[in-house]
1. Taking only DSSP H segments of four or more residues, each worth -39500 (n - 2.57), what value at 222 nm results for the chain once the sum is divided by all its residues, to the nearest 500 deg cm²/dmol?
2. Keeping every protein chain present and rolling a 1.4 Å probe, give me the accessible area per residue for region 59-179 in Å².
3. Under a plain spin-label model, where a point goes 7 Å from the Cα along Cα-to-Cβ, how far apart in nm are SER46 and TYR27?
4. Treating the Cα atoms of region 41-179 as identical point scatterers in vacuum, please give the log10 of the normalised Debye intensity I(q)/I(0) at q = 0.10, 0.14, 0.15, 0.22 Å⁻¹, two decimals.
5. List the chymotrypsin sites (Phe, Trp or Tyr not before Pro) within region 1-60 that fall in a DSSP loop (any state other than H, G, I, E or B) and whose Cβ has at most 10 other Cβ atoms within 10 Å.
6. Which lysines does LYS134 reach when only Cα atoms under 16 Å apart count, and residues fewer than 8 places away in its own chain are ignored?
7. If one takes the longest principal axis of the Cα atoms in the chain, at what angle in degrees, from 0 to 90 and to the nearest 10, does the Cα axis of helix 140-153 lie?
8. Karplus couplings for region 164-179 from phi (6.51 cos²θ - 1.76 cosθ + 1.60, θ = phi - 60°), rounded to Hz, Gly and Pro as x?
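The values are calculated or read from the model by the stated rules, or taken from the named source; none is laboratory data. Keep in mind that what you see is a predicted model, and the values were worked out from it rather than measured. Every residue, glycine among them, receives a Cβ derived from its backbone with ideal geometry; neighbour counts consider all protein chains shown. Only protein heavy atoms, including side chains, enter the accessible area calculation; ligands, DNA and RNA are left aside. Shrake-Rupley method; radii C 1.70, N 1.55, O 1.52, S 1.80 Å.
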Amino acid sequence: MKGIVFTEFLDLVEDKFGLEMVDKIIYQSNLDSEGVYTAVGTYSFSEMLQLLSNLSRNTGISPDDLLLVYGEHFFSVIETSYPDLLATYNDPIEMLASIENHIHVEVLKIYPDAELPTFIVENKTENSITMVYKSSRAMHHFGLGLMNKTFEYFNSSATISLDKIKEDGSEVRFTVNQN
């Protein structure tokens, strides 16, 4: 997993819960990196799981809810770092439909060894899209947070539901209806 995912996660933890919480979840985890991350480095996904689990245990907030907030936070990173990418889209449905064939292609140019989830568009209309998310990491709530902020970015809103195709969350169907 790319280091930017870790550095931004720890920034979010510090912003929301304080530097002491950052130190606490790092200390409670068994991290090969010892909790030292660079944005361009690559780290084991198990480290993210440990940090997330420890944050959940210490705050009483479910991992899914934490990932949702983190996805919303991460959109601001995209907005700040890659405004030209966002500017290529005129509406949120088009942007969501292009995750696999454009956005992830651009991400791989920057981070060639990134392991990205797959998004398969099953159905798309002008105001709706149904996509299947596939990833062994089961971070679908992170994706949900990104989707929420996508609609906000375009001064729009949507009803987004997710249905687990696989119980472990490694395959999830998102049904998005723009309001």
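1. Per the formula, -15500 deg cm²/dmol.
2. Using a 1.4 Å probe on heavy atoms only, each residue of region 59-179 averages 51 Å².
3. 2.4
4. -0.33, -0.67, -0.77, -1.63
5. none
6. LYS164, LYS166
7. 60
8. 6, 7, 10, 4, 6, x, 6, 9, 9, 9, 9, 10, 10, 10, 5, 7
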